[in-house]
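What follows is a set of notes on a single structure, which appears directly below.
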Amino acid sequence: MVKVVFVLAYLILAPFLGALLDGVDRIISARMQRRKGPSLLQPFYDLGKLFSKEMIAVNNVQFLLNLSYLVILMIAGCMLFAGADLLMVLFILSTADMFLIMAASSDSSPYANMGASREMLQMMAYEPLTLLIAVGFYLTTGSFQVSDIIRADTSAVLWMPGLLIGFMFTAAIKFRKSPFDLSTSHHAHQEMVKGLTTEMSGTTLAIMNIAEYYEMVLLFGIFSLFFINSTWWSWIVAILICGVIFFMETLWDNISARVKWKTLLYSCWVVTLVAGGVNILILMLDK
């Protein structure tokens, strides 16, 4: 029964929570830049405006691919919050990204195709560490099952500090933050206009935004696994630390410039090798 409640809560509340976090992010970013910024509810206003527009797609398949991206992310999140296999959750998460890439590649816009290529490069950058995280949880708790991980006697972060640091580093890619915002440009002066989303508008773009809100909550759910254990207060600690991570990602976004794709690839692989690889090696030797 508890699993059903968590799954329903994710399906119903995740887009609202993700939109609120997006609003908080905009406010914090504005304050860091000494601007007033939009209201907390601006993401909801944006979604309402997108859904009110006439649905115009550059081709017949783009809407379907974007919808598939949303549905697959919802499935991955449901599996995570139902306590299923973490490795399978990560594989499904990667599958969702492929549908987004296909959606951007389905039209002839050079900007969208450039964004799709960069999205693929970003997957090459963060996927190795993502898989190491699943291996780290297995070596720490003896199981890939999320339900077993959160029932452990001690928090996994005690054994996986390097993997947590690495995940914080690569999560900037998934959150589309500088310096790793290569595939979906959020700034008008950049050369790709809007990258992946250049040819998306109206309902199609709204679906992608909602999907990213689902993904944001899913990623914070994975962050929480590092801290949750069999004690009730570990849930509170996990929520507080996720708030700190959210602030640090926003701070990093505002104090760093966008890097080139080679720097992205090399830096993520170095972090994966040093922070993730060394952590995994120590776990293998200790366990």
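Derivation of every value follows stated rules applied to the coordinates shown; laboratory data play no part. This is a predicted model, so every value here is computed, not measured. No Cβ is skipped: glycine too gets one built from the backbone with ideal geometry, and neighbour counts run over all protein chains shown.
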Please go through the residue pairs LYS53/LYS177; LYS174/LYS260; LYS36/LYS260; LYS49/LYS194; LYS53/LYS174; LYS36/LYS262 and name each one whose alpha carbons sit more than 25 Å apart in this structure. LYS53/LYS177; LYS36/LYS260; LYS53/LYS174; LYS36/LYS262
So what is the relative contact order for the chain, in percent, with contacts set as C-alpha pairs under 8 Å and at least six apart? 27
Radius ratio Rg over Rh of segment 1-110, counting only Cα atoms, Kirkwood formula for Rh: 1.04
Taking R0 as 35 Å, what's the FRET efficiency between LEU281 and LYS260 from their Cβ-Cβ distance, rounded to 0.05? 0.70
Per the Kirkwood formula over distinct C-alpha pairs, the hydrodynamic radius of the chain in angstrom is 19.5
With x for Gly and Pro, the residue-by-residue ³J(HN,Hα) of segment 224-239, computed from phi through the Karplus equation 6.51 cos²θ - 1.76 cosθ + 1.60 at θ = phi - 60° and given in whole Hz, is 5, 4, 5, 10, 6, 9, 6, 8, 5, 6, 5, 5, 5, 4, 4, 5
Can you show me the helix-derived [θ] at 222 nm for the chain, built from DSSP H runs with n ≥ 4 at -39,500 (n - 2.57) apiece and divided by the number of residues, rounded to the nearest 500. -24000 deg cm²/dmol
Quick check of the Kirkwood formula: for segment 196-243, what is the inverse mean of 1/r over all pairs of different Cα atoms, in Å? 12.5
What percentages make up the Cα-Cα pair-distance distribution of segment 148-287 when the bins are 5 Å wide from 0? 2, 9, 15, 18, 18, 15, 10, 7, 4, 2, 0
Suppose R0 equals 35 Å. What FRET efficiency, 1/(1 + (r/R0)^6) with r the Cβ-Cβ distance, do ARG31 and MET123 give to the nearest 0.05? 0.60
Say the dipole of segment 1-134 comes from +1 at the beta carbon of Lys and Arg and -1 at that of Asp and Glu; which of PHE16, MET124, ALA30 then lies farthest toward its positive end? ALA30
Sorted largest first, the C-alpha extents of segment 71-153 along its principal axes in whole angstrom are 53, 24, 13
Exactly which trypsin sites (Lys or Arg not before Pro) in segment 84-174 are in a DSSP loop and have at most 15 other Cβ atoms within 10 Å? ARG151
Summing Lys, Arg as +1 and Asp, Glu as -1, what charge do residues with Cβ under 15 Å from the Cβ of PHE247 carry, PHE247 excluded? -1
Classify segment 1-54: rounded, prolate or oblate, from the alpha-carbon gyration tensor (a ≥ b ≥ c, eigenvalue square roots; a/c under 1.5 rounded; otherwise prolate if a/b is larger than b/c)? oblate
Kirkwood hydrodynamic radius for segment 95-222: how many Å is it when counted over pairs of different Cα atoms? 16.1
